[in-house]
Amino acid sequence: RPIAHQGRVYVATLDKSGMDTGFLQTRGFHWYGYDKQDNQLLDLSATEKDGVGAEHLQIVSIQKDPQNNLLYGMSIPENKLVVYDIEKGQTTVLGNPAQWNGYFYSNRFMWVDSRGRVYISGGSERPQWHRGEAESIFDHVWYYDPLTGFGELTDFALQGANALEVGQWDRKREKLYSSDDQGNIYMF
């Protein structure tokens with residue numbers, strides 16, 4: 001989903017979305033920015049190593065950290081979190097929590113709070129996406145904190161191992177409403 005930030009609309013590419021090793025045959029993803037004022041589409045990854053944001057990775061969801069001028073992306077099927085420093089024009093692969101093993105369904109919605117933490121989730125109980133992921137690992141929200149790394153938000157319980165799909169802040173940006181891939185609704 002496109003993300004608007006400081007006069008640009010950002011997207012990332014996804015060439016291969018299968019839950020297998022097919023992504024290893026791709027070059028990697030690109031960050032693009034559409035500059036509304038100049039009516040230009042910019043390939044932001046063209047100047048990065050090998051001309052991609054990260055080798056082989058495919059981005060399925062993105063989110064912005066407006067306070068720190070960053071973009072976050074989540075890959076599929078490895079579920080690696082990446083961050084793009086807009087000012088530096090540089091992508092860094094942050095990885096994922098040590099407990100996240102194998103290929104599984106990735107969140108389609110992430111969010112960033114006022115502390116700069118990005119919140120992530122994974123897994124699906126739908127038969128076509130379920131890959132045997134442990135419910136005890138994916139039945140709550142996880143986060144990445146730029147100061148402390150990955151952590152668990154165990155008090156933000158999910159209804160099973162179901163990644164968050166959509167979300168929206170209220171007008172005052174005090175409450176976040178989200179839904180998982182089973183239609184369960186949550187509030188942060």
Within region 11-37, residues without any contact (Cβ under 8 Å) to a residue 40 or more places away in the chain, open to solvent by 50 Å² or more (accessible area, probe 1.4 Å) and either assigned to a strand (DSSP E or B) or of a type in the set (Ser, Thr, Tyr) (or both) come out as Thr21, Tyr32, Tyr34
Residue list for region 158-184, filter: assigned to a strand (DSSP E or B), under 16 Å from Phe138 (Cα atoms) and not polar (S, T, N, Q): Leu164, Glu165, Asp180
Tell me which residues, restricted to region 117-153, are modelled with pLDDT of 95 or more and either in a loop (DSSP other than H, G, I, E, B) or over 18 Å from the mean Cα position of the chain (by Cα) (or both). Arg117, Ser121, Asp139, Pro146, Leu147, Thr148
Quick check on region 101-116: of everything there that is in a loop (DSSP other than H, G, I, E, B) and polar (S, T, N, Q), which residue is surrounded by the fewest Cβ atoms within 10 Å (Cβ to Cβ)? Ser114
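From Asn96, Asn162, Asn101, grab the single residue that is in contact with a helix residue (DSSP H, G or I) (Cβ under 9 Å, 6 or more places away or on another chain) and within 24 Å of Glu55 (Cβ to Cβ).
Asn101
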Quick one: which residue in Phe150, Phe188 is among the hydrophobic types (A, V, I, L, M, F, W, C), touching a strand residue (DSSP E or B) at 6+ places or on another chain (Cβ under 7 Å), within 17 Å of Gln99 (Cα to Cα) and open to solvent by 30 Å² or more (accessible area, probe 1.4 Å)? Phe150
Say whether the condition of being among the polar types (S, T, N, Q) and free of Cβ contacts under 8 Å to residues at least 40 places away in the same chain is met by at least one residue in region 70-89. no
Suppose the filter is closer than 27 Å to Glu152 by Cα, in contact with a His (Cβ under 9 Å, 6 or more places away or on another chain) and in contact (Cβ under 8 Å) with a residue 24 or more places away in the chain; does Gly53 pass it? yes
Restricting to strands (runs of 3 or more DSSP E) lying wholly in region 45-86: which have 1 or more residues that are farther than 19 Å from Gly7 by Cα and open to solvent by 10 Å² or more (accessible area, probe 1.4 Å)? 59-65, 81-85
Cβ-Cβ below 7 Å, separation at least six or inter-chain, first residue in region 96-110 and modelled with pLDDT of 95 or more, second among the charged types (D, E, K, R): which pairs? Asn96/Lys80; Arg108/Glu165; Phe109/Glu165
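The values are calculated or read from the model by the stated rules, or taken from the named source; none is laboratory data. No experiment lies behind these values; they were computed from the predicted model shown. Ideal geometry is used to build each Cβ from the backbone, glycine not excepted, and the neighbour counts take in all protein chains shown. Ligands, DNA and RNA are stripped out before the accessible areas are found, and what is left, the full protein with its side chains, is counted by its heavy atoms. Shrake-Rupley method; radii C 1.70, N 1.55, O 1.52, S 1.80 Å.
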